[in-house]
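Some notes on the structure that comes next.
Derivation of every value follows stated rules applied to the coordinates shown; laboratory data play no part. Just so it is clear, the model here is predicted, and its values are computed rather than measured. Backbone-built Cβ (ideal geometry, glycine too); neighbour counts: all protein chains shown.
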Amino acid sequence: MKTLKAYSLLLILVLLASGMSLAQSKSLTKKPGDFILAAKGKAATIYASASDWPGVLRAAHDLQADVQRVTKIQPVFSIEKPAGIEIVIIGTLGKSLLIDQLVQQQKLDVTGIAGKWETFVRQVVEQPMPGVARALVIAGSDKRGTIYGIYDLSQQIGVSPWYWWADVPVQPQSTLLISPTRHSLGEPAVKYRGIFLNDEAPALSGWAKEKFGGINSQMYGHVFELILRLKGNYLWPAMWGNAFNDDDRRSPALADEYGIVMGTSHHEPMQRAQQEWKRYGHGPWNYQTNDTTLRRFWRQGISNMGTRESIVTLAMRGDGDEPMSEENNIALLEKIVNDQRQILAEETHRSADQTPQLWTLYKEVQDYYDRGMRVPDDVTLLLCDDNWGNLRRLPKLDDQPRRGGYGIYYHFDYVGAPRNYKWLNTNPLPRIWEQMHLAHEYGAKQIWIVNVGDLKPMELPISFFLDYAWNPAAIPAEGVAAYTRRWTARQFGPQHAADIADILAKYAKYNARRKPELLTADTYSLLNFNEWATVAADYNALLSRAEAINQQLPAAARDAYFELVLHPVQACANLNELYYTVALNHAAAKNGQANTAALAARAKALYAKDAEIKNHYHSLLGGKWDHMMDQTHIGYTSWQQPDEDKMPEVFLQPTGTPVAPPSATLSANYIALEAEHYSRAVTAGPIVWQHLPDLGRTLGAMTTFPVTAAPTTAPGGSSPHLEYRITLAQSGPVTVSAYLAPTLDFTNSGGLRYAVSVDDEAPQVVNLHTGLAVDYVNQLWNKAVAENIFLKTTQHPAVAAGSHILKFWRVDPGVVLEKLVVSQGPLPTSYLGPPAGDNRKPGNATTPERRAK
């Protein structure tokens with residue numbers, strides 16, 4: 001049995017890597033044992049028990065529709081007594097009479113799923129019951145286990161989870177043959193896996209109002225289905241002016257019917273939205289002065305919840321997602337939690353620990369935890385990132401296990417300092433992987449929920465986040481690019497998958513260098529390293545590739561391709577070209593150049609082009625996605641978004657007298673080294689150096705595994721380090737600048753450290769977090785997240801000319817190195833730093849030095 005399972009898993013991985021489904025791969029030639037799902041104008045009847053969960057019966061109807069989408073043949077769906085040569089039987093253990101009968105008669109082995117969380121098995125059963133020759137059986141351990149088994153088959157016959165939300169077409173098939181091999185995905189690694197619709201105005205809210213009359217049950221039906229097709233199970237609903245349980249009373253009932261676990265955001269306790277307090281609350285949102293009213297308000301939230309599957313948010317923040325006033329101390333917050341749990345027990349008529357609960361350590365709330373505030377052991381501690389994708393805190397490895405465990409609240413979208421980022425995807429998968437790998441390895445795996453803003457255009461990172469939460473082992477560090485290729489193959493077929501995947505990876509990488517909302521004409525250097533021109537050229541080259549593929553795709557795929565690939569590349573390339581042109585205009589005006597007016601006119605045309613790109617998105621499919629790109633993104637003057645886009649200031653005529661254009665800065669010898677261009681990697685014991693492909697602002701990155709290994713107490717000698725061969729042109733002092741991912745002190749140990757030395761000198765230990773606090777007014781943190789880098793330096797006096805070995809030493813786990821620059825004298829001003837000399841593979845020998853020109 002183990003051999004058979006291993007073969008099954010290998011077959012699935014091979015097929016998925018090629019971008020093919022099991023059904024598609026076998027649609028041409030029938031092999032012995034294959035199950036005929038559809039052929040010759042007929043499809044197998046789908047059977048389920050009327051006693052099964054409503055969500056299972058609903059998903060079974062989705063399978064019926066999916067088979068029709070692929071084959072144009074609609075299978076019959078029945079809850080009557082099964083009959084036929086080949087049929088499909090779907091059901092949940094303990095809820096389906098059909099499945100329980102197969103188990104009792106020992107025709108279906110459920111030892112791998114019985115008692116498991118959200119697990120299914122699919123296999124062909126011969127002569128399952130009188131009158132039936134063969135059955136393709138999908139059996140689940142619970143309702144979502146069965147639902148996932150259904151949608152797993154749908155995806156394998158070629159229906160993307162994004163068929164509605166991104167208009168991904170299906171590849172027509174006249175025949176669907178399913179392998180008889182027993183198939184299961186096992187249990188998910190993370191128990192609750194979900195998304196948070198947030199910051200949803202003006203885009204999602206404007207779209208939903210036009211299409212559904214508001215953010216209501218009609219819209220949420222599409223959201224619930226998407227989450228389940230992606231093997232998620234959890235949702236925080238939209239809350240900017242919206243109240244999920246109050247706006248449309250059908251919404252919570254529908255969530256329960258689908259099988260979605262509902263919660264409320266980190267600052268909306270006891271299943272009540274902030275908007276509900278505005279509608280029904282009386283007096284201040286202050287427990288010291290208005291506790292009776294607040295308890296009554298919260299009690300109603302739990303009463304409304306009833307028996308529906310939920311995770312209850314505890315404690316409270318200030319009204320409007322603000323910190324509580326200073327007089328609200330730890331003792332008061334602990335009393336609030338105790339009172340809330342008493343309400344839970346009274347309203348549910350069972351002990352509080354029987355209802356899943358969480359306490360979110362968001363912003364200043366983490367400080368309360370650090371100062372000693374505690375909640376009961378059954379409450380999940382939901383740890384958070386800094387709103388910019390950098391985890392703030394993880395459990396200590398020697399902490400006692402909590403019954404409620406730990407979770408993560410993560411961000412793909414944010415409103416707040418140093419600036420909102422809400423427009424397009426700026427979240428490279430390699431960085432998501434690296435941070436969530438830390439979370440999993442440190443035991444934060446009870447809940448993973450991610451703020452996805454308007455949902456679109458975060459399709460790829462949402463898929464990745466939920467897939468990684470299901471099975472981190474299936475996506476190793478070196479497998480992120482392969483994941484993206486598989487994902488694009490499922491949306492567009494295998495022919496262009498590699499190219500499209502590379503385009504998606506690069507556009508997110510380029511956007512993460514500087515989020516679009518943070519861009520200005522001064523972001524990159526016009527003079528040094530040809531930086532602005534190179535950045536703009538990178539985007540434009542990406543756009544040319546994306547447009548070329550668009551011309552080769554079938555017409556049916558072009559709407560989906562525009563939404564998922566061409567639009568974000570087009571929009572971001574245009575935006576960067578706009579700011580580059582504005583920078584050229586400013587320089588031309590200052591230097592008295594005759595082309596000042598022409599550059600101003602070009603900038604205005606590019607600004608107008610931004611609106612044209614948005615309008616084309618809104619015109620797709622007869623306006624299906626109208627308003628979804630309404631988010632403003634040009635003209636920020638503070639952290640908050642402008643009410644409308646505003647053209648950057650340009651000069652219509654020269655302001656200075658004509659002079660020769662300035663030259664690039666000269667006065668420094670430097671050697672720029674990509675982290676992965678080491679000459680030797682020294683390991684020690686279990687600690688090894690791990691390449692993180694495509695992570696960072698330029699090439700890739702290096703870190704050490706396992707991430708749970710203890711710190712290196714005395715770096716030096718044969719302790720883990722990377723070596724880089726360098727040649728200095730002259731003797732004298734040397735500065736080594738290390739460009740590191742902005743990882744935070746997730747161990748709460750006083751800062752993460754690394755060390756640097758040249759040749760045999762004593763390693764200099766550097767703390768990444770000296771002077772840095774994530775308090776949203778700290779300038780070091782603001783700079784780090786805006787630039788998506790920590791830049792640290794060490795000084796090395798009196799280094800002789802000639803060849804040397806630069807050593808980067810591992811001290812603490814979690815430090816991620818992207819680039820090193822060795823300089824003799826001040827470096828020319830730039831955003832990305834001096835570019836490395838080549839693009840050799842990791843582990844190659846000396847990277848040649850580069851000098852400013």
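List of remarks:
- For the pair ALA114 and HIS618, a Förster radius of 56 Å applied to the C-beta separation gives a FRET efficiency near 0.65, rounded to the nearest 0.05.
- About the centre of its Cα atoms, the chain shows a dipole size close to 1880 debye [charges on the beta carbon of Lys, Arg (+1) and Asp, Glu (-1) only; nearest 20 debye].
- Mean-position separation - Cα centroids, segment 450-471 and segment 137-204, in angstrom: 14
- Using a Förster distance of 25 Å, the FRET efficiency for HIS282-ALA253 (Cβ separation, nearest 0.05): 0.35
- A full extension of the chain between SER803 and THR683 corresponds to an added length of 40.9 nm, given 0.36 nm per residue minus the alpha carbon distance.
- Here the dipole of segment 280-438 is about 260 debye; that uses its Cα centre as origin and unit charges on the Cβ of Lys and Arg (positive) and Asp and Glu (negative).
- Where labels lie 7 Å past Cα in the beta-carbon direction, separation of ALA601 and ASN540 in nm: 1.8
- Backbone phi angles across segment 581-593, fed through the Karplus curve with coefficients 6.51, -1.76 and 1.60 (θ = phi - 60°), yield HN-Hα couplings of 5, 4, 4, 5, 4, 4, 5, 5, 5, 5, 9, x, 7 Hz in residue order; Gly and Pro are listed as x.
- Gyration tensor over alpha-carbon atoms, segment 669-851, equivalent ellipsoid semi-axes in Å: 23, 20, 16
- The ranking of SER667, SER265, SER184 from fewest to most other beta carbons within 10 Å of each one's beta carbon is SER667, SER184, SER265.
- A Förster distance of 60 Å, applied to the separation of the beta-carbon atoms of SER51 and ILE330, puts the FRET efficiency at 0.75.
- Segment ASP759-ASP398, extension gain: residue separation times 0.36 nm, minus the distance between their alpha carbons: 126.3 nm
- Calculated on C-alpha atoms, the gyration radius of the chain divided by its Kirkwood radius gives an Rg/Rh of 0.98.
- The distance between label points at GLU547 and ALA710 comes to 5.9 nm (points 7 Å beyond Cα on the Cα→Cβ vector).
- 25 Å Cα-Cα threshold exceeded, pairs from LYS72/LYS614; LYS42/LYS107; LYS231/LYS456; LYS509/LYS792: LYS72/LYS614; LYS42/LYS107
- Multiplying the residue separation of GLN74 and ALA668 by 0.36 nm and removing their Cα-Cα distance gives an extension gain of 206.7 nm.
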